[in-house]
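The values are calculated or read from the model by the stated rules, or taken from the named source; none is laboratory data. These figures come from a predicted structure and were not determined experimentally. Cβ placement follows ideal geometry from the backbone for every residue including glycine, while neighbour counts extend to all protein chains displayed. Note: accessible area is taken over every heavy atom of the protein model, side chains too, but ligands, DNA and RNA are not part of it. Shrake-Rupley method; radii C 1.70, N 1.55, O 1.52, S 1.80 Å.
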Amino acid sequence: MSLLSAFPSPVNAIVIGASGGIGSAVTHLLEQDPNIAQIHAFARSSVPITSDKVIAGKIDLLDEASIAQAAASCGAEAGLIFVATGMLHEDGTRPEKSWRSLDADKMARAFAINSIGPALVAKHFLPLLPRGQRGLFAALSARVGSISDNHLGGWYSYRAAKAALNQMIRTASIELAQKHPLAVCVGLHPGTVDTNLSKPFQGNVPDKKLFTPETSARALLTVLNGLTPADSGNLFAWDGTKIPF
Ligand SMILES: NC(=O)c1ccc[n+]([C@@H]2O[C@H](COP(=O)([O-])OP(=O)(O)OC[C@H]3O[C@@H](n4cnc5c(N)ncnc54)[C@H](OP(=O)(O)O)[C@@H]3O)[C@@H](O)[C@H]2O)c1
């Protein structure tokens, strides 16, 4: 049975960040979905090909030319564009607990990967959504990017970069609606998911609240399937609830 039953007929999909924990689980579910015809799966590192539905390609969010090239290589409209990239920690650097740890270069990198990169993906890939038909553009954001939900503090750069991503999504959704009135453009919070990104921070997460990538990916595609253009511009959690900015 299709998780994407709201598409009237099979569509092409694009996954950006198909090498990641959630991105590879999304790609795998799309491979099995009868309502998905073909998947362009892009990643910075390599994507394991497990189905002849998948066409793998390279993308580096820090290199706009590679984003433009990736979009051009798709060569056809896509009903679903899923952006699964992001970064919380790398090279032993942990997110900031205090303003004392703020570092301009590290902050700029967090913004480059978590907000500017997906915005450039929107620039080059949103035109691939079909006009006059249902189309979905979703980017993985995070609940911690919600300003009104910030009661714990910490993780300055990641929080701020995801808040900026949410604003990019809202702004793009308004422009998108003018040319693609049936399109939906949203941010998604996947829950706490057992991937490399969350590994160092799983200590205090109860077992039942730590999702497998497959569980999260299935929930996110189910949420997307139920969204309408009236939902565009918002941030939705894995269980379908709208997260206030
Ligand atoms: N896991 C969670 O608990 C959780 C919670 C809330 C939100 N999220 C969000 O969900 C998204 C996916 O996270 P995940 O848990 O699946 O993490 P992950 O396994 O670390 O995957 C991150 C993905 O981002 C890609 N990426 C990073 N920098 C890139 C760049 N410059 N160019 C192209 N691709 C780049 C990685 O590519 P490589 O494989 O090449 O490194 C990888 O595909 C992120 O936006 C994250 O903020 C996750």
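Would you please give the FRET efficiency between ALA112 and LYS242, computed as 1/(1 + (r/R0)^6) with r the Cβ-Cβ distance and R0 = 35 Å, to the nearest 0.05?
So the FRET efficiency works out to roughly 0.80.
Using +1 at the Cβ of each Lys and Arg and -1 at the Cβ of each Asp and Glu in the chain, identify which of LEU62, SER232, GLN133 lies farthest towards the dipole's positive end.
It is SER232.
Could you compute the net charge surrounding ASP33? Neighbours are other residues with a C-beta less than 12 Å from the C-beta of ASP33; K and R count +1, D and E count -1.
+1
Given a 1.4 Å probe and the protein chains all in place, what does the accessible area of THR228 round to, in Å² to the nearest 10?
For THR228, the solvent-accessible surface is approximately 60 Å².
Tell me, what is the FRET efficiency for ASN196 and ILE49 to the nearest 0.05, using R0 = 22 angstrom and their Cβ-Cβ distance as r?
Plugging the Cβ-Cβ distance into 1/(1 + (r/R0)^6) gives 0.60.
Quote the relative contact order of the range 104-177 in percent (integer), defining contacts as alpha-carbon pairs under 8 Å separated by 6+ residues.
Value for the range 104-177: 43 percent.
Tally Lys/Arg at +1 and Asp/Glu at -1 over every other residue whose Cβ is under 15 Å from the Cβ of ASP103; what's the total?
+1
Choose one of LEU3, ILE49, VAL184: the residue whose Cα lies farthest towards the positive end of the charge dipole of the chain (beta-carbon charges +1 Lys, Arg; -1 Asp, Glu; about the Cα centre).
Positive-end residue among those listed: VAL184.
Let's see if you can work this out: charge +1 on each Lys and Arg Cβ, -1 on each Asp and Glu Cβ, no other charges. What is the dipole magnitude of the range 89-165 about its Cα centre, in debye to the nearest 20?
Dipole about the Cα centre, nearest 20: 260 debye.
Hey, can you grab everything whose amide H is under 5 Å from the amide H of VAL184? Only 5+ residues off in sequence or another chain; H modelled, so Pro and N-termini drop out.
Under 5 Å from the amide H of VAL184 lie the amide H atoms of GLY135, LEU136, PHE137, each far enough along the sequence or on another chain.
Quick one: check the C-alpha center-to-center distance for the range 194-235 versus the range 99-165, whole angstrom.
After rounding, the separation between the Cα centres reads 16 Å.
For the chain, what is the charge dipole size about the Cα centre, in debye to the nearest 20, if Lys and Arg each add +1 at the Cβ and Asp and Glu each add -1 at the Cβ?
Dipole magnitude for the chain comes out near 440 debye.
Which order do peptides 3-14, 20-31, 37-48 fall in by mean Cβ count within 10 Å, highest first?
Output ranking for 3-14, 20-31, 37-48: 20-31, 37-48, 3-14.
On a straight-distance basis, which lysines could pair with LYS58 in a cross-link, Cα separation under 23 angstrom, same-chain partners fewer than 8 positions away excluded?
LYS123
Check every DSSP H run in the chain and write down those whose alpha carbon atoms cover 15 angstrom or more along the long axis and whose mean Kyte-Doolittle hydropathy is -0.5 or greater.
Qualifying helices: 21-32, 64-74, 156-179, 213-226.
When the accessible area of the range 117-161 is computed with all protein chains present and a 1.4 Å probe, what percentage of it is carbon and sulfur?
Here it works out to 58 percent.
THR85's amide H: which non-local residues (gap 5+, or another chain) put their own amide H closer than 5 Å, with H modeled 1.01 Å from N in plane and none for Pro or chain starts?
Residues meeting the criterion, in which the H sits 1.01 Å from N, are LEU140.
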